[in-house]
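Coordinate-derived values only; no laboratory data. Predicted model, so just to flag it, every value in this text is computed and none were measured. A quick note on method: Cβ atoms are made from the backbone with ideal geometry, for glycine too, and the neighbour counts reach across all protein chains shown.
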Amino acid sequence: MKASSFFSKEQQAQILASVKEAEKATSGEIRVHIESTLNVDVLDRAAWLFQKLGMDKTAEHNGVLFYLAIDDRKFAIIGGAGINSKVPVGFWNEISEHLGKNFREGKFTEGLSEGIIMAGNQLKKYFPCCDGDVNELSDEISFNK
């Protein structure tokens with residue numbers, strides 16, 4: 001399946017709205033990247049895309065990437081060095097488990113949207129929004145065809 005057609009336009013709009021909502025109270029930056037197939041380890045691919053998308057260049061190194069390989073039914077959540085230096089071990093486990101449960105039930109849009117909101121709620125504890133905060137990265141979903 002073509003990655004860009006996995007979610008309908010309405011579902012993509014719901015995911016984008018979740019990103020915008022999650023980023024309202026934090027200086028953290030959240031992105032979603034979706035591709036069809038995966039031919040390397042899911043975490044390696046997500047880490048490579050994290051850099052390719054410029055997420056490692058944020059001022060506070062507080063980007064979060066939600067990566068999905070739809071045909072392979074794999075996903076990863078990757079956080080920047082700034083986040084990983086502040087959060088406890090296993091920080092991403094709850095969100096990852098929530099996504100996995102929803103994905104197994106076929107609730108891809110709901111699971112992803114809820115996971116994004118969960119990440120935003122956690123990010124605001126460590127990276128609260130402050131005066132002059134700017135959106136450093138695009139909120140749009142990116143795709144590999």
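Between Asn84 and Leu16, the contour length at 0.36 nm per residue exceeds the Cα-Cα span by 22.1 nm. For the stretch 9-78, the Kirkwood hydrodynamic radius from C-alpha pairs, put into Stokes-Einstein at 25 °C and a viscosity of 0.890 mPa s, yields a diffusion coefficient of 192 µm² per second. For the listed residue pairs Lys20/Lys86; Lys24/Lys86; Lys9/Lys74, the alpha carbons are within 29 angstrom of each other in every case. So what does log10 I(q)/I(0) come out to for the chain at q = 0.10, 0.13, 0.16 Å⁻¹, using the Debye formula with one equal point on every Cα and no solvent? Results for the chain at q = 0.10, 0.13, 0.16 Å⁻¹ read -0.30, -0.51, -0.79. To the nearest 10 degrees, how steep is helix 93-104 against the longest Cα principal axis of the chain, on a 0 to 90 scale? The helix 93-104 is inclined about 20 degrees to the chain.
Counting only DSSP beta bridges whose two residues both lie in the chain, roughly 45 percent are antiparallel. Given their separation in residues at 0.36 nm each and the Cα-Cα distance between them, Ser96 and Asp41 gain 18.2 nm when the chain is fully extended.
Our helix-only sum for the chain, with -39,500 (n - 2.57) per DSSP H run of n ≥ 4 divided by its residues, gives a mean residue ellipticity at 222 nm of -13000 deg cm²/dmol.
Normalised by the number of residues in the chain, what is the relative contact order in percent for Cα pairs under 8 Å and 6+ residues apart? Relative contact order, the chain: 39 percent. Do any trypsin sites (Lys or Arg not before Pro) in the stretch 16-55 lie in a loop, going by DSSP, with at most 13 other beta-carbon atoms within 10 Å of their beta carbon, and if so which? Here the sparse-neighbourhood loop sites are Lys24. Looking at the stretch 47-107, the GluC sites (Glu not before Pro) that sit in a DSSP loop and have at most 11 other Cβ atoms within 10 Å of their own Cβ are Glu105.
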